Each structure stands twice: as structure tokens, then as C-alpha cells.
Amino acid sequence: MGSTCGKYFKKQKNDGKKPLFLMLPLSFFLIEGFAFAFLSTAGMESRWLFFQYNGYAAQELGQVNLWPLAFGVVWAVLLSGIVYMLPRKAGRILYGIFYFLFLIYAIAQTGFFLMFSEMLWFSDFRYASEGSDYLDVLLSYPLSWWLSIPVLIAVGVVVLRKFPKGKAGWKRCVVSGTAAVLAAVGAVFLPKLVFLNDSGIQYAGSDYGRAQSAEAAYDNMFNAHRLYQVCGVFQTAVKDVYTHYIYPITPSHARAMAEEKEAVESYLSAKTGGGSNGMTGIFAGKNIVLVLMESMDDWMIGEHTPTLQKLMAEGMNFTRFYTPGYGGVRTFNSEFCINTGSFLSTSGGYAFDYVTNCFDQSLASLLLEQGYSTMVYHYNDPSFYSRGVFSRAMGYQVYNSYQDYVTEETQDSLYDDQFLFDNPSLSNSFFREGKKLNFIITRSAHLSYKYNEVLSYWGLKKYPQYRGLTGNEETDCAYLKARLVDDLFARLLQELEEKGELENTVIIAVTDHYTYGYKDVQSLLELSGVEDTLLLERTPCFIWSADLAPMEVDKVLNTSDLLPTVLNLLGVESQYRYIGNDAFDDSYDGFVPFSNGSWISGDVAYDASTGKVISISGEQQTVTADFRAEMAERVQAFIRINNLILETDYYNNPD
């Protein structure tokens, strides 16, 4: 019997005429299964379990969406059919290309999602090298993720080695081709079945509605992860390539963009409110210091930041300011938004693709018209996020990189944001003659939060008392880095006073994002005093001037609201309309739209990733179906128009 079995399996191994080679579709489906384990609703909820050390209990899971697995089956059959009807050599080559490219794609997407709860478009992968300094966060990833990768690589290698021999006969070609065609038809029509789940969603009768629907996610592609939830990792990748690289070179795309520009104009023209109010022009003619506080979270403000605490208490403190992530990068997204008034596109455009756009509506461009000089100050190289080019596009005359002012012996100076004032050349530039806008991008509070990280290591030599301060290494390092940011502000006030410019200067400080590099999520929730990860997006934002009476602005605001607010306070009349709103416009109720369809309005938040309605105040909130439909419409409209502002180069012809 053993001899018979051996002959049977040998025959199975070498018979290239078998109509099915089950390892082919199985291997492709395993890629979808791997992605599903970390990108599905269940994976998204359970991911928090991997980043905690204190027994954090995940919230009850909602119904798991299995549609990605259905699409995984379809694509496994489609790709296998194409590969299997080719001769062995050609089939092996094509299989290797298909399998390993999709595997790399799945690894990158799941890896990014584990940290940011978002997925990337292909254009966003061009930012990857710019985040290489922070690869140590990969050490916190779940063991199951790490173990799955070599297993999947091994599967691909085995299939290549065991690829069926023999010529692709006509029967094999017919069967494989038929399977591929049927699978392709399935890939086209299967989304229609997914859309049937939208029947319970109220659309409020708007062209921009359906923000939570599968059909909107599939057609509008406003968020990569939301698209994945509809059609799985294979179809997401293919749809991304077609929509962002093939369709734009067709004549129909140019016609569509002209129509879309009209849609932007219609949306912005329909906005109510605006105009002068009691805060208009209170800072007219003053010098401006705009500070982007890298990773400076709200919970880090306190006893370790006496200067920041003082400035927020004495100035205009925006207590409910949120910095949602759009596009593929967090820091540059906020940097771009506070300067131009709109977020990066969520539809897959690389930020640098829009560097030739017109940004006459930006803060720096408008202040240049008012006779200001405009400069940027940052430690990083101008090629990082293409800031050297983009800053000029946004109206800044000079991008000052601290790296241009250090020697090999003084490289440690780059760890200190105060180098701006320690270096005579930079300081003289900062305090140049005339009205000026100085934009400072800090470094000190950026991840990671470990004692042996280079910036933490340097900071501990200055403030050794932070080692072991709280019993939590991450918290110790975060407070240490907050102290370093505070030192910059203390030095800024000192320098302004010594130069006689304190009374004539407005300081505008805003954070780019919360401390997403802090891996102990349960501790982070407790430190921030919130119960849901969506609410972690609240970050510090304040405006200070020596003659300003203290005030707290409690309206819910988002990053795009800052530019219209600042222009109003400066009394700068702009001919341009913005997607954001002036915080002091009484007709603006305030809200925060997130790129995945989540939102915050008043004391209510909605997390689209979990379907939960969250009470921010802790009091019972009644949210009607009509209100949720209204907010779905509002968020979807915001996302779509925000994307089109960039894609149509709207401000190149505001009239």
C-alpha cells in the first residue's frame, strides 16, 4: 500500500495536465487572510491589545465584515487562472511577480495600520524613506504579524519550486481561462452585493451623502482603509493603480476636473457666515511667530511645561482643537493645513504632486502682500517632505535648515530647538528688520519615547531627573521632551523681550498630531483623560500676545479652522474662500471631520471604524438617525471638496 501511495503522490506532483493546482489559489488567498487578520474590524479592535502592558480589555467587537475574504477568493481564482494557463516558465515568473508584489503590499499596509489605524495609497509610499528614523516602533508589533511574514514568504517559495510541470494544454487553458474570466466578472459585480448592505443608511438626499456607505467608499475612494473594508486588499491595490495612475491620463479626466472645480465653487459659495466680528483686526500689523509643536500632546502640558502653561492661561486657549490626519503623513498634513487652509488629499495624491498649484490663499502669500517677510526655521534637511520647495510654493521666501549652520563638532546642537537663537546667523535672520512672519517647526517632542533614543538620551543629560520619574519609560521621555519644547518658548520670550519686540509680536502655537508613537495605548487614554482613541486627536492650540486678555475658546475646531481665524485676527481681508471657518464666527457651530468618516460635533463624537457614538462630556447624549445622516452628509462633502481643492488647483482661478 505504501508503494501505491508513493506512486500516486509522485504522479500528482509531476502531472502538469491537472486542471487545478490548489496551492496557487490557496497561496494568494493566504495573503488576503493575512491582511484580514490585521485590517478587518476585529483586527482593528484587537490591535490595541498588542500595544499595552496593563491588561487593557478591548471593547466588545461589532459584527466582523467578511467581504474582504470573499474578494480574496475571487482574486485568488483570477490570478491563479491567469498564471496556470501559461507555460511553466512564464507561469512561474508571473506567479512570482503577482505573489510577492501583493505580499509586500499587504505587509506594508498592515504594518502602517497597526501604528496609525490607517492605510496608504501607492502615492503615500513615497514618504516611506522619510520615516526611516522611526523604524524602532516595529519592535512593538504583535508576534503573530512577525511570524506570518516568513511563513507567507516560504509559501511563495514552495509554490515556485513545486510549480506544475508540462505544457499548458488546451484543456488546462480553457479551464484556467474560464475560471479567470468568471473571477474577473465577479470582481466587477461583487461590489454590487456589498452595496446592498447600504439599504439601512440614511442619505439625507444629497449628492455628497452616504459617508458611511460602502458605495461611497468604493466610488469616491475618500479613505484607503474604508475601501479595503469593501473589496479586500487585492482589489484595493488594483483600484488604486487604475484611479490614480491610469485614469488621470485619459481625456475624460480633464473634462471631469473642470466639472469638479465648479463643484468646489458651488460648495464654498454656499457657506454662510464669515465677515467681520468683535475679534477682527485685534492683531493687525504685528509680527507673527507661528510654531508647529511636533507631537506636543495635551496631556504633556502642566508642571513640566511652566512657560506653555503660562502662555495658554494668559492668551487665547482653544480647548477643543483637533488635528485629524489626512493623506499619508501626519506632520506635513497639519503643517500644510495651517498654512493653506485645507488638508492633504485623502484620494491618493502625493503632496509634492501639487507643488505647482497656486497657493495665493496661504498665510505667507497673503502676508507678503501686506509687506511682511516670511521665513521657515527647522532642523531638518529641505528635502525632507520636500519642504525646501514646498515652503516657497506656500509663500515663504526662505527655508532655513539648522543643518546648514553646524559643523561636525557641533552636530549635537541639532538636538536643541534653541539652536535657532544660539546661532548668531539664524538669530539675526529671525530678528530681521520690518514686519515678519517666522514659522518654527520644532523637533523635541517627536517619538520615540525610550531612554536610549538619541534625542531622549541627549535630553536626559540635561535633565537626568526624568529617568524613572513616573515608573513608565514612555511617560518619562514624553515629559522630558515636553520640557525641551517648553525651553524653546521660554527662550523665545526672553529673546523677544531683549530685542524689544515682545509687545509687537503674536505667538501662534499648534500641534501637528497627538503622541501616536506612545505605544502603551491604555496609559495614553488615561493620560489624555478620554475613553476612545478617536478623542486622542485633541491637541494644544493657543495664541498669545502681551496685550491680549485671557480667554478660553471652547468651540469644537479642526486644523482647517486656524487659517481663517488667524486672518480675521490680523484683519487681513482675503478674496479667497476656505473650507474651514473663523472660530469667532457665531454662525459656525464647529465640527471635526475625520478622513475615515468619523466626526465630532458639540459633545458628541462618532467613530466610523467601530460605529460607536461617544459622549465627550460623559453625560447621556441623544443622537437621532436624522442627525447622524446629516453629519454623514457633511463629513463626506468636506472630504470630497477638500480633495478637489488640491486636485483641481482651485485657487489658481478663485473667480
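The values are calculated or read from the model by the stated rules, or taken from the named source; none is laboratory data. Here the structure is a predicted model, which means the values were calculated and not measured. Note that we place each Cβ from the backbone using ideal geometry, even for glycine, and neighbour counts take in every protein chain shown. Heavy atoms of the whole protein, side chains included, go into the accessibility calculation; ligands, DNA and RNA do not. Shrake-Rupley method; radii C 1.70, N 1.55, O 1.52, S 1.80 Å.
Odds and ends about this structure:
- The label-point distance for residue 178 and residue 303, in a model that sets each label 7 Å from Cα toward Cβ, rounds to 7.7 nm.
- Nitroxide proxy distance, nm - points 7 Å out along Cα→Cβ at residue 522 and residue 37: 2.3 nm
- Per residue accessible area in Å² of the chain, where ligands, DNA and RNA are left out and the probe is 1.4 Å: 41 Å²
- Computed extension gain for residue 435 through residue 497, at 0.36 nm per residue and net of the alpha carbon distance, reaches 20.7 nm.
- A simple packing score, the average count of other Cβ atoms within 10 Å per residue, orders the peptides 258-270, 88-100, 65-77 as 65-77, 88-100, 258-270, with the highest score first.
- Pairwise FRET efficiency - residue 504 versus residue 153, Cβ, R0 = 60 Å, nearest 0.05: 0.45
- Residues residue 170 and residue 397, FRET efficiency given R0 of 60 Å [Cβ-Cβ distance, rounded to 0.05]: 0.30
- Separation of the residue 353 and residue 139 label points, Cα + 7 Å toward Cβ, nm: 3.6 nm
- Whole-Hz Karplus values for region 237-248 come out as 5, 5, 5, 4, 4, 5, 5, 9, 10, 9, 4, x Hz, taken residue by residue from phi with 6.51 cos²θ - 1.76 cosθ + 1.60 and θ = phi - 60°; glycine and proline positions read x.
- For region 535-649, the relative contact order comes to 18 percent (Cα pairs under 8 Å, sequence separation of at least 6).
- Full extension of the segment from residue 615 to residue 531, taken as 0.36 nm per residue of separation minus the current Cα-Cα distance, would add 29.3 nm.
- Structure-derived volume of the Cα convex hull per residue in Å³: which label, when the choices are (1) 175; (2) 185; (3) 289: (2)
- Whether region 335-441 is rounded, prolate or oblate, judged on the alpha carbon gyration tensor where a/c under 1.5 counts as rounded: oblate
- Remark: the Cα gyration tensor places region 504-655 in the oblate category, a/c being 1.5 or greater and a/b not exceeding b/c.
- Placing a label point 7 Å from the Cα of residue 160 along the Cα-to-Cβ direction, no residue of region 232-267 has a backbone N closer than 19 Å.
- Placing +1 on the Cβ of every Lys and Arg and -1 on the Cβ of every Asp and Glu, with no other charges, gives the chain a dipole of roughly 4980 debye about its Cα centre.
- Antiparallel %, DSSP beta bridges [both residues in the chain], to 5: 40 percent
- Based on C-alpha pairs under 8 angstrom that are at least 6 apart in sequence, the chain has a relative contact order of 20 percent.
- At an R0 of 56 angstrom, the distance between the Cβ atoms of residue 653 and residue 90 translates into a FRET efficiency of 0.65.
- Acute angle (nearest 10 degrees) that the helix 143-161 long axis makes with the longest principal axis of the chain, alpha-carbon atoms: 40 degrees
- Spin-label zone in region 101-122 - amide nitrogen under 20 Å from a point set 7 Å from the Cα of residue 247 along the C-beta vector: 119-122
- Heavy atoms of residue 173 accessible to a 1.4 Å probe, total area in Å² rounded to 10: 40 Å²
- Calculated from backbone phi, Karplus (6.51, -1.76, 1.60) coupling profile of region 399-409 in Hz, x at Gly/Pro: 9, 9, 9, 4, 4, 6, 10, 10, 10, 4, 6
- For the listed peptides 182-189, 220-227, 334-341, 501-508, a ranking on the average number of other beta carbons within 10 Å per residue, highest first, reads 334-341, 220-227, 501-508, 182-189.
- Anisotropy class of region 387-445 from Cα gyration tensor, a/c 1.5 cut: prolate
- Derived scalar couplings ³J(HN,Hα) [region 74-86; Karplus, 6.51 cos²θ - 1.76 cosθ + 1.60; whole Hz; x for Gly, Pro]: 4, 6, 4, 5, 4, 5, 5, x, 5, 5, 6, 8, 8
- Computed helical MRE - 222 nm, the chain, DSSP H runs ≥ 4 contributing -39500 (n - 2.57), nearest 500: -14500 deg cm²/dmol
- Inter-centroid distance (Cα atoms) of region 461-537 relative to region 320-359, Å: 23 Å
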